[in-house]
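The values are calculated or read from the model by the stated rules, or taken from the named source; none is laboratory data. Remember, predicted model here, so these are calculated numbers, not experimental data. We place every Cβ from the backbone using ideal geometry, glycine too, and count neighbours over all the protein chains shown. To get the accessible areas, we keep the full protein, side chains included, count just its heavy atoms, and leave off ligands, DNA and RNA. Shrake-Rupley method; radii C 1.70, N 1.55, O 1.52, S 1.80 Å.
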Amino acid sequence: MLAACGGDGGTAFIAPYWVGGGVVVTDLDGDGRDDVAMTSTYVAAAPPHPGYVDVWRQTASGRFGPLQRYAVAADPWVLVAGDVNGDARPDLLAVSPMTVPAPANTVGDSGALALLRQSAVTPGVFEPAQVLPTGGVASDAAMADTDGDGRTDLLVADAAIANHRALRLAQQAPGGFAAPEAVCPGMSQGWSALAVGDLDGDGRADLVGVGGTQLWWCAGQAGGAWAGAAVLGTGTALVGVVLADVDADGRVDIVAADAGNAPAGAPGGAAVRWWRQTAPGVFTTQSQAVADGARRVLVRDLDQDGRPDLAAISTVYQTQANSTRITVMLQSSVTPGAFGVSQVWEGPYNASFIAAGDVTGDGKPDIVVDGPVVYPQSGTAAGRFLSAAPLP
(Lines give C-alpha, C1' and ligand atoms only; values in the text may rest on other atoms or scores of the structure.)
Protein backbone atom coordinates (compact mmCIF):
# COMPACT_ATOMS: atom_id res chain seq x y z
CA MET A 1 0.00 0.00 0.00
CA LEU A 2 1.10 3.58 -0.66
CA ALA A 3 0.92 5.97 2.28
CA ALA A 4 0.42 9.71 1.98
CA CYS A 5 0.07 12.40 4.63
CA GLY A 6 -3.30 14.15 4.64
CA GLY A 7 -3.78 17.86 5.13
CA ASP A 8 -4.97 17.27 8.69
CA GLY A 9 -1.80 15.41 9.62
CA GLY A 10 -3.39 11.98 9.19
CA THR A 11 -2.17 9.24 6.91
CA ALA A 12 -4.14 8.11 3.86
CA PHE A 13 -3.51 4.80 2.17
CA ILE A 14 -3.75 4.44 -1.58
CA ALA A 15 -4.65 1.05 -2.99
CA PRO A 16 -2.14 -0.50 -5.43
CA TYR A 17 -2.86 0.24 -9.06
CA TRP A 18 -1.65 -0.47 -12.60
CA VAL A 19 -0.15 2.09 -14.99
CA GLY A 20 -0.29 1.38 -18.72
CA GLY A 21 2.27 2.65 -21.20
CA GLY A 22 3.42 2.07 -24.75
CA VAL A 23 0.98 0.27 -27.06
CA VAL A 24 1.74 -1.84 -30.13
CA VAL A 25 -0.90 -3.21 -32.52
CA THR A 26 0.47 -5.76 -35.00
CA ASP A 27 0.16 -9.41 -36.01
CA LEU A 28 2.40 -11.07 -33.44
CA ASP A 29 1.59 -14.71 -34.16
CA GLY A 30 1.35 -14.71 -37.94
CA ASP A 31 -2.32 -15.66 -38.17
CA GLY A 32 -3.28 -12.58 -40.20
CA ARG A 33 -5.06 -10.87 -37.29
CA ASP A 34 -3.78 -7.87 -35.34
CA ASP A 35 -2.78 -8.45 -31.72
CA VAL A 36 -2.19 -5.89 -28.94
CA ALA A 37 0.76 -5.46 -26.57
CA MET A 38 1.29 -2.82 -23.88
CA THR A 39 3.78 -2.02 -21.15
CA SER A 40 2.32 -2.21 -17.65
CA THR A 41 3.61 -1.20 -14.22
CA TYR A 42 2.28 -2.35 -10.85
CA VAL A 43 2.48 0.44 -8.27
CA ALA A 44 2.17 -0.72 -4.66
CA ALA A 45 5.12 1.00 -2.97
CA ALA A 46 7.92 3.44 -3.70
CA PRO A 47 9.86 2.90 -6.96
CA PRO A 48 11.21 0.84 -8.54
CA HIS A 49 7.92 -0.82 -9.50
CA PRO A 50 7.54 -4.25 -11.13
CA GLY A 51 7.25 -3.96 -14.88
CA TYR A 52 5.54 -6.16 -17.43
CA VAL A 53 4.56 -6.40 -21.08
CA ASP A 54 0.94 -7.49 -21.48
CA VAL A 55 -0.06 -9.30 -24.68
CA TRP A 56 -3.56 -9.98 -25.99
CA ARG A 57 -3.76 -12.19 -29.08
CA GLN A 58 -6.73 -11.97 -31.45
CA THR A 59 -7.79 -15.61 -31.61
CA ALA A 60 -10.82 -15.12 -33.86
CA SER A 61 -12.03 -12.16 -35.89
CA GLY A 62 -12.70 -9.40 -33.35
CA ARG A 63 -12.16 -11.66 -30.34
CA PHE A 64 -9.14 -11.76 -28.04
CA GLY A 65 -7.79 -14.55 -25.90
CA PRO A 66 -6.69 -14.22 -22.26
CA LEU A 67 -3.97 -11.85 -21.15
CA GLN A 68 -0.38 -13.09 -21.39
CA ARG A 69 1.96 -11.22 -19.02
CA TYR A 70 5.77 -11.10 -19.26
CA ALA A 71 8.07 -9.63 -16.62
CA VAL A 72 10.49 -6.95 -17.87
CA ALA A 73 12.65 -4.26 -16.25
CA ALA A 74 11.13 -1.90 -13.68
CA ASP A 75 8.78 0.91 -14.66
CA PRO A 76 8.64 0.30 -18.44
CA TRP A 77 7.25 3.04 -20.63
CA VAL A 78 7.78 2.84 -24.41
CA LEU A 79 7.17 -0.42 -26.33
CA VAL A 80 8.62 -1.21 -29.78
CA ALA A 81 7.98 -4.18 -32.08
CA GLY A 82 10.50 -5.51 -34.61
CA ASP A 83 12.33 -8.62 -35.76
CA VAL A 84 15.56 -8.64 -33.78
CA ASN A 85 16.83 -12.11 -34.71
CA GLY A 86 15.83 -12.46 -38.34
CA ASP A 87 13.22 -15.20 -37.91
CA ALA A 88 10.42 -13.10 -39.50
CA ARG A 89 8.53 -13.00 -36.19
CA PRO A 90 7.99 -9.70 -34.33
CA ASP A 91 9.88 -9.37 -31.06
CA LEU A 92 9.07 -6.76 -28.39
CA LEU A 93 11.39 -4.20 -26.79
CA ALA A 94 10.30 -2.45 -23.58
CA VAL A 95 12.06 0.77 -22.58
CA SER A 96 12.53 1.65 -18.90
CA PRO A 97 13.68 5.25 -18.24
CA MET A 98 14.99 4.37 -14.76
CA THR A 99 15.08 1.07 -12.90
CA VAL A 100 16.28 2.42 -9.54
CA PRO A 101 15.62 5.80 -7.92
CA ALA A 102 18.20 8.42 -8.80
CA PRO A 103 18.75 11.91 -7.38
CA ALA A 104 19.85 13.45 -10.68
CA ASN A 105 20.10 12.69 -14.37
CA THR A 106 23.70 11.61 -14.86
CA VAL A 107 25.53 9.20 -17.13
CA GLY A 108 25.41 6.57 -14.39
CA ASP A 109 21.60 6.50 -14.18
CA SER A 110 19.70 3.27 -14.59
CA GLY A 111 17.84 3.21 -17.91
CA ALA A 112 17.35 -0.23 -19.44
CA LEU A 113 15.89 -2.18 -22.34
CA ALA A 114 14.05 -5.47 -21.93
CA LEU A 115 14.00 -7.61 -25.07
CA LEU A 116 11.27 -10.23 -25.43
CA ARG A 117 12.17 -12.62 -28.22
CA GLN A 118 9.34 -14.58 -29.75
CA SER A 119 9.41 -18.32 -29.25
CA ALA A 120 10.70 -20.34 -32.19
CA VAL A 121 8.19 -23.05 -31.33
CA THR A 122 4.94 -21.32 -30.35
CA PRO A 123 3.90 -18.27 -32.41
CA GLY A 124 2.87 -15.27 -30.33
CA VAL A 125 4.53 -16.56 -27.15
CA PHE A 126 7.67 -14.85 -25.85
CA GLU A 127 10.75 -16.09 -24.06
CA PRO A 128 11.89 -14.54 -20.74
CA ALA A 129 13.18 -11.00 -21.10
CA GLN A 130 16.81 -10.20 -21.77
CA VAL A 131 17.50 -7.01 -19.79
CA LEU A 132 20.14 -4.70 -21.27
CA PRO A 133 21.25 -1.77 -19.07
CA THR A 134 21.73 1.48 -20.95
CA GLY A 135 22.58 3.94 -18.21
CA GLY A 136 21.18 7.42 -18.55
CA VAL A 137 17.43 7.90 -18.83
CA ALA A 138 16.09 5.72 -21.67
CA SER A 139 13.10 7.55 -23.16
CA ASP A 140 12.60 5.87 -26.56
CA ALA A 141 14.06 3.12 -28.71
CA ALA A 142 14.15 1.75 -32.23
CA MET A 143 15.36 -1.41 -33.99
CA ALA A 144 17.33 -1.35 -37.25
CA ASP A 145 20.37 -2.76 -38.99
CA THR A 146 22.50 0.35 -38.71
CA ASP A 147 25.87 -0.99 -39.92
CA GLY A 148 24.86 -3.25 -42.82
CA ASP A 149 25.93 -6.54 -41.20
CA GLY A 150 22.48 -8.10 -41.49
CA ARG A 151 21.83 -8.00 -37.74
CA THR A 152 19.31 -5.77 -36.01
CA ASP A 153 20.79 -3.22 -33.62
CA LEU A 154 19.05 -1.34 -30.81
CA LEU A 155 18.95 2.47 -30.65
CA VAL A 156 18.08 4.41 -27.51
CA ALA A 157 17.16 8.04 -26.91
CA ASP A 158 18.84 9.12 -23.67
CA ALA A 159 16.89 11.91 -22.00
CA ALA A 160 19.49 12.55 -19.29
CA ILE A 161 19.86 16.27 -18.84
CA ALA A 162 23.64 16.10 -18.57
CA ASN A 163 24.47 14.04 -21.65
CA HIS A 164 22.39 14.88 -24.75
CA ARG A 165 23.09 11.63 -26.54
CA ALA A 166 21.70 8.71 -28.44
CA LEU A 167 23.00 5.21 -27.79
CA ARG A 168 23.51 2.18 -29.99
CA LEU A 169 23.68 -1.41 -28.76
CA ALA A 170 25.14 -3.20 -31.77
CA GLN A 171 24.16 -6.85 -32.20
CA GLN A 172 27.50 -8.61 -32.56
CA ALA A 173 26.20 -12.19 -32.67
CA PRO A 174 22.73 -13.73 -32.41
CA GLY A 175 21.46 -12.64 -29.03
CA GLY A 176 24.61 -10.78 -28.08
CA PHE A 177 24.78 -6.99 -27.92
CA ALA A 178 27.75 -4.70 -27.43
CA ALA A 179 27.82 -2.23 -24.57
CA PRO A 180 25.95 1.00 -25.29
CA GLU A 181 27.97 3.48 -27.35
CA ALA A 182 27.14 7.15 -27.76
CA VAL A 183 26.28 8.08 -31.36
CA CYS A 184 25.02 11.11 -33.28
CA PRO A 185 27.18 13.73 -31.52
CA GLY A 186 26.67 17.44 -31.29
CA MET A 187 23.23 17.90 -29.75
CA SER A 188 22.70 20.64 -27.20
CA GLN A 189 19.31 19.36 -25.96
CA GLY A 190 18.28 16.02 -24.47
CA TRP A 191 16.72 13.28 -26.61
CA SER A 192 13.03 12.62 -25.99
CA ALA A 193 12.40 10.39 -29.02
CA LEU A 194 14.10 9.00 -32.11
CA ALA A 195 13.40 7.19 -35.37
CA VAL A 196 15.67 5.31 -37.79
CA GLY A 197 15.32 5.10 -41.57
CA ASP A 198 16.93 6.00 -44.88
CA LEU A 199 15.96 9.65 -44.92
CA ASP A 200 18.09 10.76 -47.89
CA GLY A 201 17.79 7.66 -50.11
CA ASP A 202 21.46 6.68 -50.06
CA GLY A 203 20.83 3.18 -48.72
CA ARG A 204 22.19 3.94 -45.24
CA ALA A 205 20.29 4.13 -41.96
CA ASP A 206 19.90 7.71 -40.79
CA LEU A 207 19.00 8.73 -37.25
CA VAL A 208 16.36 11.38 -36.60
CA GLY A 209 15.75 12.70 -33.10
CA VAL A 210 13.73 15.28 -31.21
CA GLY A 211 14.21 16.91 -27.85
CA GLY A 212 13.37 20.28 -26.40
CA THR A 213 12.83 22.72 -29.23
CA GLN A 214 14.82 20.90 -31.91
CA LEU A 215 14.43 18.27 -34.63
CA TRP A 216 17.75 16.93 -35.87
CA TRP A 217 19.17 14.50 -38.38
CA CYS A 218 22.37 12.45 -38.19
CA ALA A 219 23.17 11.19 -41.69
CA GLY A 220 24.35 7.59 -41.96
CA GLN A 221 27.92 7.03 -43.15
CA ALA A 222 29.86 4.02 -44.38
CA GLY A 223 30.46 1.35 -41.75
CA GLY A 224 27.53 2.33 -39.58
CA ALA A 225 28.85 5.67 -38.32
CA TRP A 226 26.74 8.82 -38.26
CA ALA A 227 27.61 12.38 -39.10
CA GLY A 228 27.18 15.04 -36.45
CA ALA A 229 23.68 16.29 -35.80
CA ALA A 230 22.17 18.83 -38.18
CA VAL A 231 19.11 20.76 -37.01
CA LEU A 232 16.22 20.40 -39.48
CA GLY A 233 13.50 22.26 -37.64
CA THR A 234 12.17 23.55 -34.37
CA GLY A 235 9.10 23.40 -32.17
CA THR A 236 8.15 24.23 -28.60
CA ALA A 237 8.61 20.86 -26.86
CA LEU A 238 9.07 18.05 -29.38
CA VAL A 239 8.42 14.67 -27.77
CA GLY A 240 7.58 12.08 -30.46
CA VAL A 241 8.75 11.43 -34.02
CA VAL A 242 7.79 9.15 -36.95
CA LEU A 243 9.35 8.69 -40.40
CA ALA A 244 6.91 8.08 -43.26
CA ASP A 245 6.20 9.16 -46.84
CA VAL A 246 3.08 11.19 -46.08
CA ASP A 247 2.57 12.67 -49.56
CA ALA A 248 3.41 9.61 -51.72
CA ASP A 249 6.23 11.31 -53.61
CA GLY A 250 8.74 8.54 -52.85
CA ARG A 251 10.68 10.59 -50.28
CA VAL A 252 10.67 10.02 -46.54
CA ASP A 253 9.05 12.78 -44.49
CA ILE A 254 9.14 13.49 -40.74
CA VAL A 255 6.15 13.83 -38.43
CA ALA A 256 6.48 14.89 -34.79
CA ALA A 257 4.30 15.61 -31.76
CA ASP A 258 4.90 18.93 -30.05
CA ALA A 259 3.66 19.15 -26.44
CA GLY A 260 3.72 22.94 -26.56
CA ASN A 261 3.94 24.87 -23.32
CA ALA A 262 2.34 22.13 -21.19
CA PRO A 263 5.64 20.65 -19.89
CA ALA A 264 6.45 24.09 -18.48
CA GLY A 265 3.02 24.38 -16.85
CA ALA A 266 1.37 26.76 -19.31
CA PRO A 267 -1.24 26.33 -22.04
CA GLY A 268 -0.86 26.68 -25.80
CA GLY A 269 1.67 25.86 -28.49
CA ALA A 270 0.84 22.17 -28.92
CA ALA A 271 0.79 20.84 -32.48
CA VAL A 272 1.46 18.00 -34.83
CA ARG A 273 4.28 19.13 -37.11
CA TRP A 274 5.40 17.54 -40.34
CA TRP A 275 8.40 18.21 -42.50
CA ARG A 276 7.84 17.18 -46.14
CA GLN A 277 10.97 16.32 -48.07
CA THR A 278 10.49 18.16 -51.36
CA ALA A 279 13.99 17.37 -52.68
CA PRO A 280 16.78 15.24 -51.20
CA GLY A 281 17.58 16.81 -47.83
CA VAL A 282 15.22 19.76 -48.39
CA PHE A 283 12.15 20.05 -46.15
CA THR A 284 9.09 22.28 -45.95
CA THR A 285 7.27 22.61 -42.64
CA GLN A 286 3.57 22.45 -41.90
CA SER A 287 1.67 22.09 -38.63
CA GLN A 288 -1.75 21.59 -37.14
CA ALA A 289 -2.63 22.88 -33.69
CA VAL A 290 -3.93 20.21 -31.31
CA ALA A 291 -4.84 19.97 -27.64
CA ASP A 292 -2.22 20.87 -25.04
CA GLY A 293 0.42 18.25 -24.29
CA ALA A 294 0.69 16.36 -27.60
CA ARG A 295 2.75 13.24 -26.80
CA ARG A 296 2.69 10.76 -29.66
CA VAL A 297 1.56 10.70 -33.28
CA LEU A 298 0.80 7.85 -35.66
CA VAL A 299 0.79 7.76 -39.46
CA ARG A 300 -1.75 5.36 -40.99
CA ASP A 301 -4.31 5.30 -43.78
CA LEU A 302 -7.24 5.54 -41.38
CA ASP A 303 -10.05 6.05 -43.92
CA GLN A 304 -8.64 3.55 -46.45
CA ASP A 305 -8.52 6.00 -49.33
CA GLY A 306 -4.88 5.17 -50.16
CA ARG A 307 -3.47 8.28 -48.46
CA PRO A 308 -1.73 8.30 -45.04
CA ASP A 309 -3.56 10.14 -42.27
CA LEU A 310 -2.42 11.33 -38.84
CA ALA A 311 -3.69 10.82 -35.30
CA ALA A 312 -2.25 12.27 -32.11
CA ILE A 313 -2.76 11.83 -28.39
CA SER A 314 -2.39 14.77 -25.99
CA THR A 315 -2.36 14.85 -22.22
CA VAL A 316 -1.30 17.30 -19.52
CA TYR A 317 0.15 15.50 -16.52
CA GLN A 318 0.09 18.53 -14.23
CA THR A 319 -3.69 18.69 -13.93
CA GLN A 320 -5.98 16.47 -11.89
CA ALA A 321 -8.73 16.87 -14.48
CA ASN A 322 -8.85 14.52 -17.45
CA SER A 323 -7.05 16.55 -20.08
CA THR A 324 -6.36 13.69 -22.50
CA ARG A 325 -7.49 14.37 -26.06
CA ILE A 326 -7.24 12.36 -29.28
CA THR A 327 -7.13 14.19 -32.61
CA VAL A 328 -7.62 12.60 -36.04
CA MET A 329 -6.31 14.46 -39.09
CA LEU A 330 -7.32 13.09 -42.49
CA GLN A 331 -5.26 13.88 -45.58
CA SER A 332 -6.77 16.11 -48.21
CA SER A 333 -8.01 14.37 -51.34
CA VAL A 334 -6.90 17.39 -53.36
CA THR A 335 -3.57 18.52 -51.87
CA PRO A 336 -1.00 15.80 -51.08
CA GLY A 337 0.61 16.22 -47.67
CA ALA A 338 -2.10 18.56 -46.36
CA PHE A 339 -4.17 17.44 -43.37
CA GLY A 340 -7.29 18.71 -41.66
CA VAL A 341 -8.78 17.87 -38.28
CA SER A 342 -11.78 15.58 -38.71
CA GLN A 343 -12.46 14.53 -35.12
CA VAL A 344 -11.37 15.36 -31.55
CA TRP A 345 -12.53 13.53 -28.43
CA GLU A 346 -11.64 12.98 -24.79
CA GLY A 347 -9.45 9.96 -24.11
CA PRO A 348 -8.85 7.97 -20.92
CA TYR A 349 -7.22 9.72 -18.00
CA ASN A 350 -3.49 10.38 -18.54
CA ALA A 351 -3.13 8.19 -21.64
CA SER A 352 0.09 8.87 -23.56
CA PHE A 353 0.38 6.36 -26.42
CA ILE A 354 -1.61 5.72 -29.58
CA ALA A 355 -1.63 2.94 -32.17
CA ALA A 356 -3.93 1.67 -34.90
CA GLY A 357 -4.97 -1.71 -36.24
CA ASP A 358 -7.98 -3.89 -36.93
CA VAL A 359 -9.02 -5.16 -33.51
CA THR A 360 -12.76 -5.47 -34.21
CA GLY A 361 -12.39 -7.82 -37.18
CA ASP A 362 -14.18 -5.68 -39.76
CA GLY A 363 -11.12 -5.01 -41.91
CA LYS A 364 -10.90 -1.34 -40.90
CA PRO A 365 -8.18 0.21 -38.70
CA ASP A 366 -9.32 1.09 -35.19
CA ILE A 367 -7.50 3.38 -32.75
CA VAL A 368 -6.03 1.86 -29.57
CA VAL A 369 -4.53 3.80 -26.66
CA ASP A 370 -2.96 2.67 -23.41
CA GLY A 371 -5.40 0.87 -21.18
CA PRO A 372 -5.87 -0.70 -23.62
CA VAL A 373 -8.88 1.31 -24.78
CA VAL A 374 -10.32 0.83 -28.27
CA TYR A 375 -12.04 3.42 -30.45
CA PRO A 376 -13.71 1.34 -33.19
CA GLN A 377 -14.01 2.78 -36.65
CA SER A 378 -17.52 3.49 -37.79
CA GLY A 379 -19.03 0.97 -40.16
CA THR A 380 -20.70 3.71 -42.19
CA ALA A 381 -18.36 6.76 -42.08
CA ALA A 382 -14.81 6.03 -43.23
CA GLY A 383 -12.16 7.49 -40.94
CA ARG A 384 -14.62 8.33 -38.19
CA PHE A 385 -14.29 6.66 -34.79
CA LEU A 386 -16.88 5.66 -32.21
CA SER A 387 -16.94 5.86 -28.43
CA ALA A 388 -14.39 4.07 -26.26
CA ALA A 389 -14.76 0.35 -25.73
CA PRO A 390 -12.69 -2.34 -24.01
CA LEU A 391 -10.66 -4.76 -26.06
CA PRO A 392 -13.17 -7.25 -27.53
Mean accessible area per residue over region 107-262 (1.4 angstrom probe, all protein chains present, square angstrom) is 34 Å²
Carbon/sulfur accessible area of the chain, % of total, 1.4 Å probe, equals 55 percent
Expressed to two decimals, the chain has a Cα Rg over Rh, using the Kirkwood radius, of 0.95
The size of the Cβ-based charge dipole (Lys, Arg +1; Asp, Glu -1) of region 29-172 about the Cα centre, to the nearest 20 debye, is 300 debye
Dividing the alpha-carbon radius of gyration of region 220-281 by 2.2 N^0.38 Å, where N counts its residues, gives 1.37
Checked region 292-392 with the C-alpha gyration tensor, a ≥ b ≥ c its square-rooted eigenvalues, rounded below a/c of 1.5, otherwise prolate if a/b is larger than b/c and oblate if not; verdict oblate
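Using the heavy atoms of the protein chains and a 1.4 angstrom probe, tell me the accessible area per residue for region 270-392 in square angstrom.
39 Å²
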Cα-based Debye curve of region 257-332 sampled at q = 0.13, 0.25, 0.27 Å⁻¹ gives log₁₀ I(q)/I(0) of -0.44, -1.09, -1.17
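Rounded if a/c is under 1.5, else prolate if a/b beats b/c, else oblate: with a ≥ b ≥ c from the C-alpha gyration tensor eigenvalues square-rooted, which is region 34-101?
Because a/c hits 1.5 or more and a/b fails to exceed b/c, region 34-101 counts as oblate.
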Along region 218-224, Karplus-curve 3J(HN,Hα) (6.51, -1.76, 1.60; θ = phi - 60°) to the nearest Hz, with x for Gly and Pro, reads 10, 6, x, 10, 4, x, x
Taking every C-alpha to C-alpha distance in region 161-288 and binning by 10 Å from 0, the per-bin percentages run 13, 41, 32, 12, 2
Treating every alpha carbon of region 39-195 as one equal point scatterer without solvent, the Debye formula yields log10 I(q)/I(0) values at q = 0.13, 0.16, 0.17 Å⁻¹ of -0.61, -0.89, -0.98
Cα-based Rg/(2.2 N^0.38 Å) for region 58-149, rounded to two decimals, is 1.24
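Which of the peptides 81-92, 151-162, 246-257 is most tightly packed, and how do the rest follow, going by the mean number of other Cβ atoms within 10 Å of each residue?
151-162, 246-257, 81-92
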